[in-house]
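The values are calculated or read from the model by the stated rules, or taken from the named source; none is laboratory data. Keep in mind the model is a prediction, meaning the values are calculated, not measured. Glycine also receives a Cβ, built like all others from the backbone with ideal geometry; neighbour counts cover every protein chain displayed. Note: areas computed on protein heavy atoms with side chains; ligands, DNA, RNA excluded. Shrake-Rupley method; radii C 1.70, N 1.55, O 1.52, S 1.80 Å.
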Amino acid sequence: MRLMISFAALLLSVVFLQLSSGGVGPLDALSGLALDFTPAQVGFLGSAHFFGFFIGCWWAPRLMGSVGPSRAFAAFAAAGAIGLMSHMMIVDPTAWALMRVASGMCVAGCYTVIESWLNAKVTNESRGRAMGMYRVVDMGASLVAQLLIAFLEPAHFISYNLLAIICCASLLPLALTTSKPPEAPDSPRLRPMIAVRRSPLAAAGVIVAGLTSAAFRMVGPIYGQEVGLRADQIGLFLAAFVAGGALAQYPVGWLADKYDRRWVLIWLSAAATLSCITTVVAGTGSTAIILASATFFGFTTFPIYSVSAAHAHDFAESHERIELSAALMFLFALGAIASPVLTSALIEAYGPPALFAFIALGHVVLVVFGLTRMRARPTVPERTRYVYAPRTSFTIGRLMGRERDKPTRGSAEAEPKPREDD
């Protein structure tokens, strides 16, 4: 309880930030359709968000070094609030895309400050519990954010103003906290090829994870509307995806620590392909069946990023973990930027099932590539510990690096040995 109280301001800011940023995606999709945007234009908004996210990840540590953490957080939160409030003032897809760039920068910048602050406060003894609370709060707020769509009227200024107010509320806990702000973090060198050199399979896995997550979260509302779901049911549809991902973390983590992670990744992708087929078939069924299929889809696809990241870290030494985490985030962002535009154009051309056909194709390719990599490299090194990896900022590696060096479940080894490149 003392630990929770000491992190209360940071965790409360996370809640407000997730509620705001998590609600704008589905609201934009439904608002765009209500305003006669094409599906391709709606998908472009999702891609713009992740483009802004990448800019924010790169810029935030530099801005923190120039003006300090608190002012940097205020600047990014203000950019996000301005983007939200501007939506109904300028109803144009291109203008909205620029506003979504601002929201993406807000998310990445604010999370960079929060995670740097957390990293400065935790000790080796409290790191595991602090990260556990952080993950629960982050995922719980994300789940609730999807449900907000039931209460937000599409294409209405009150809906966007409410999200802007919540975004501004994320400023209050950090502005009023008496905790000493952290030193500005060193920006990790962005070397995407380090992920490819350590594990080509892991690099491919995080790209497919980006394609899957961004496509579903940003274009999923279009699919939901096309199959006849109401706005509140679309919120449940998206929340079921997050809930399925949350339920998968422990069993998948146990499997990833016990068995060859390549086989875990391959079987997850095979199951994800099956879940895509199931979701398309369920689209003609009842709402309960559609929600169950979305839960299954989240269960099979959500952990792929964490399993891929754990596999990549198996081949890395301790001093490489921060840069490797940043490289994996960069590759995830590339997939996330591309997929909303591609999937929305496919829906416009071929109908709603094209969304899951695209995602299934990505996972089939990942299965084939995984089997190829297993033939190229029959053995693997000693495994690092599996941890759920949030996709929040390039600085997340600082919080998780030492946690990966803990012994795996059932292992007596405390430190991983140096590993050769994959």
Exercise. Across the stretch 357-407, what is the number of residues that are at pLDDT below 90 and open to solvent by less than 20 Å² (accessible area, probe 1.4 Å)?
Worked result: 16
Problem set entry | Looking only at the stretch 148-172, and only at residues there that are among the polar types (S, T, N, Q) and surrounded by 21 or more Cβ atoms within 10 Å (Cβ to Cβ), the one that is nearest to the chain's Cα centre (by Cα) | Ser170
For this session: Go through Leu324, Leu291 for me and flag whichever is closer than 25 Å to Tyr259 by Cα and either in a loop (DSSP other than H, G, I, E, B) or among the aliphatic types (A, V, I, L, M) (or both).
Result: Leu324
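Conditions tested, residue by residue: (1) among the aromatic types (Phe, Trp, Tyr); (2) touching a residue at least 40 places away in the same chain (Cβ under 8 Å); (3) in contact with a Phe, Trp or Tyr (Cβ under 6 Å, 6 or more places away or on another chain).
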site	(1), (2), (3)
Arg62	no, yes, no
Phe73	yes, yes, no
Ala95	no, no, no
Gly104	no, yes, yes
Gly109	no, yes, yes
Arg127	no, yes, no
Val144	no, yes, no
Leu147	no, yes, no
Seminar exercise, completed: Note on Ala95: of the conditions (1) assigned to a helix (DSSP H, G or I); (2) at pLDDT below 95; (3) open to solvent by 10 Å² or more (accessible area, probe 1.4 Å); (4) farther than 17 Å from Ala169 by Cα, unmet is (2)
For this session: Sort through Ala145, Ala108, Ala175, Ala130 and tell me the only one that's open to solvent by 10 Å² or more (accessible area, probe 1.4 Å) and of a type in the set (A, V, I, L, M).
Result: Ala175
Problem set entry | Within the stretch 60-86, tally of residues that are at pLDDT below 90 and in a helix (DSSP H, G or I) | 10
Problem set entry | Only one of Leu148, Leu143, Leu176, Leu162 that is modelled with pLDDT of 95 or more and either closer than 27 Å to Ser13 by Cα or touching a Cys at 6+ places or on another chain (Cβ under 7 Å) (or both) | Leu162
For this session: Go through (1) at pLDDT 90 or above; (2) closer than 20 Å to Phe241 by Cβ and name the single condition Thr287 misses.
Result: (1)
Exercise. If you check Ile222 against the conditions, is it open to solvent by 10 Å² or more (accessible area, probe 1.4 Å) and within 21 Å of the chain's Cα centre (by Cα)?
Worked result: no
Problem set entry | Unmet requirement for Leu229, which otherwise passes all of (1) assigned to a helix (DSSP H, G or I); (2) of a type outside the set (Lys, Arg); (3) open to solvent by less than 30 Å² (accessible area, probe 1.4 Å); (4) closer than 25 Å to Gly25 by Cα | (1)
For this session: Answer yes if at least one residue in the stretch 296-318 is among the small types (Gly, Ala, Ser) and surrounded by fewer than 23 Cβ atoms within 10 Å (Cβ to Cβ), and no otherwise.
Result: yes
Problem set entry | the stretch 266-295: number of residues that are farther than 26 Å from Arg375 by Cβ, touching a helix residue (DSSP H, G or I) at 6+ places or on another chain (Cβ under 8 Å), open to solvent by 10 Å² or more (accessible area, probe 1.4 Å) and of a type in the set (Ser, Thr, Tyr) | 3
Exercise. Here is a list of conditions, (1) open to solvent by 50 Å² or more (accessible area, probe 1.4 Å); (2) at pLDDT 95 or above, and Arg217 meets all of them except one; can you say which number that is?
Worked result: (2)
